[in-house]
1. Test of understanding: among Leu119, Leu147, which residue is of a type in the set (A, V, I, L, M), surrounded by 12 or more Cβ atoms within 10 Å (Cβ to Cβ) and closer than 21 Å to Glu65 by Cβ?
2. With the requirement that a residue be modelled with pLDDT under 85, charged (D, E, K, R) and closer than 23 Å to Gln47 by Cβ, what does region 116-161 give you?
3. Quick one: what pairs do we get from region 12-25, first residue more than 14 Å from Val46 (Cα to Cα), second outside any strand (DSSP E or B), C-beta under 8 Å, 6+ apart or different chains?
4. Among all residue pairs at least 6 apart or on different chains, which show Cβ distances below 7 Å where the first residue, located in region 74-95, is assigned by TED's automatic domain parsing to the domain that holds Gly53 and the second is of a type in the set (Phe, Trp, Tyr)?
5. Could you tell me whether any residue of region 64-72 is more than 17 Å from the chain's Cα centre (by Cα), assigned to a loop (DSSP other than H, G, I, E, B) and farther than 20 Å from Met22 by Cα?
6. Looking for something loosely packed, with under 14 Cβ neighbours inside 10 Å, closer than 30 Å to Asn162 by Cα and either small (Gly, Ala, Ser) or more than 16 Å from the chain's Cα centre (by Cα) (or both) - is there at least one such residue anywhere in region 101-116?
7. Is there any pair with a first residue in region 147-159 that is part of a helix (DSSP H, G or I) and a second that is surrounded by 10 or more Cβ atoms within 10 Å (Cβ to Cβ) and aliphatic (A, V, I, L, M) whose Cβ atoms are under 8 Å apart and which are 6 or more apart or on different chains, and what are they?
8. So in region 37-93, with the set limited to residues that are of a type in the set (D, E, K, R) and out of contact with any Lys or Arg (no Cβ under 9 Å at 6 or more places or on another chain), which one is surrounded by the most Cβ atoms within 10 Å (Cβ to Cβ)?
Amino acid sequence: MFRGRRENEVPETKTIEISAQMQGTLSFKDPVNLKMNGNFQGTLDVQGTLTIGNSAIVEAEILGENVVIAGKVRGNIIAKKMLVLMPTSVVTGDISTPRLNIVEGAVFHGRCQMMEDTLTVDEVARYLEIEASAIIELASTGKIPALRNGNEWQFERSKIDNWASTGQLQ
């Protein structure tokens, strides 16, 4: 018998664990729980949760929703929702996140920027990976949630996330 997903049922998030030495680009557009326990060099782009284990050594530019670091990371980190530095973590690089939890014992060398809840046209364009001119057109026609402040458009991150998740981006 075929069992389809119910309308209100949330799809299960997959967990992937990597305990090898790798280099390159790992990019996940669907939510995933990625656990890195080995060595990695390159770029990590994760929708969902990225966990860098305490034995991991990572040299990478990291973009993720929720990022938890217990190992060593050299590179810039952008966590869209939250970044947690565990007591065994050593991070060298700049970090940007709206919520930051640094647990006693963690080591951090770099600059920290706490992201605002509002975004500019250019930030939304980078965030959604489309041209700034397309963002302005969507805002001008009311097809994307935006507020006009003088000559500039402002976007609330949570509203942009909700809008994009409904598939209106395509």
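The values are calculated or read from the model by the stated rules, or taken from the named source; none is laboratory data. Quick caveat: nothing in here was measured; it's all calculated off a predicted structure. We place every Cβ from the backbone using ideal geometry, glycine too, and count neighbours over all the protein chains shown.
1. Within the list Leu119, Leu147, the selection yields Leu119.
2. The answer is Glu116, Asp117, Glu156, Arg157.
3. From residues that are more than 14 Å from Val46 (Cα to Cα), the pairs are Ser19/Asn37; Ser19/Gly38; Ala20/Gly38; Gln21/Gly38; Met22/Gly38.
4. Between residues of region 74-95 that are assigned by TED's automatic domain parsing to the domain that holds Gly53 and residues that are of a type in the set (Phe, Trp, Tyr), the close pairs are Leu85/Phe108; Val91/Phe108.
5. No: zero hits.
6. yes
7. From residues that are part of a helix (DSSP H, G or I), the pairs are Arg157/Met115; Arg157/Leu119.
8. The initial filter retains those residues of region 37-93 that are of a type in the set (D, E, K, R), namely 45, 59, 61, 65, 72, 74, 80-81.
Next cut, out of contact with any Lys or Arg (no Cβ under 9 Å at 6 or more places or on another chain) only: 61, 72, 74.
On the way: Glu61: 14, Lys72: 19, Arg74: 15.
Looking at the filtered set, the residue picked out is Lys72.
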